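The values are calculated or read from the model by the stated rules, or taken from the named source; none is laboratory data. Just so it is clear, the model here is predicted, and its values are computed rather than measured. Cβ: placed from backbone, ideal geometry, glycine included. Neighbour counts: every protein chain shown.
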Amino acid sequence: MSKKWNELSIALAGLFQATGLVEQLAKTGYVPTDAYRTSIESLFVLNPESTLDVYGNNLTNLHAGLTLLRDLLQSASGQQRHADALRYGLGVLHLQKKLAGRKDMLGVVGSRLKSAAQQAQHFSSTHENVIANLGDLYSETISTFRFRIQVAGDASYLQQQRIANQVRALLLAAIRAATLWRQLGGNRWHLLFYRKKIAEAVDELLRTIPLH
């Protein structure tokens, strides 16, 4: 499989790992620590040396996203099972395109992410102060677009400020992945006409992850 398809698949896996975590968080109030940290830390890799470098240079960090992406690509039942994660992912691709056309907002996002990265070094990447900062950044930028992602889940979770911040931070991480996808040449036609190539690349990437 060509490097191009592997890299596009890594970016898509990063996107759907983040939206899958949003779905899980909204419905259960819980997210797996390692996958969550990987998504959040992708926001602080501003000058990656490679596509995988955005995700800690380790495919194991994207196991959840690759597995979810494989389910979405392989069957209608997979799409039904992860309907919310898929809906959020398509919404994120739309929002990222809007963001790309707003150079002023991109500048704000870039500078705020740099300061959040410094804050993460002081505390930790998933410390609630850092996540609150990222949540505020999402609210003050992406949430100002007319199109908004409506997150479905248990109101008792979504009404908690801590979880609302986590959801917004993860959506920001999904937009980071969508930006990576576009930078690699990805577009929505790939999702329509090259699903088989992406699915093959995902299978190949999953096979290289060692089983524990």
key: Total residues in segment 105-164, condition farther than 28 Å from N47 by Cβ and surrounded by 16 or more Cβ atoms within 10 Å (Cβ to Cβ)   = 6
query = For segment 1-95, list the helices (runs of 4 or more DSSP H) that sit wholly inside it and hold at least 1 residues that are closer than 21 Å to E128 by Cα and in contact with a helix residue (DSSP H, G or I) (Cβ under 7 Å, 6 or more places away or on another chain); which are they?
reply = 3-28, 33-41
inquiry  = Quick check on R176: is it touching an Asp or Glu at 6+ places or on another chain (Cβ under 7 Å) and part of a helix (DSSP H, G or I)?
reply    = no
remark   = Filtering segment 1-28 down to residues that are at pLDDT 95 or above and over 16 Å from V54 (Cα atoms) yields T19, G20, L21, V22, E23, Q24, L25, A26, K27, T28
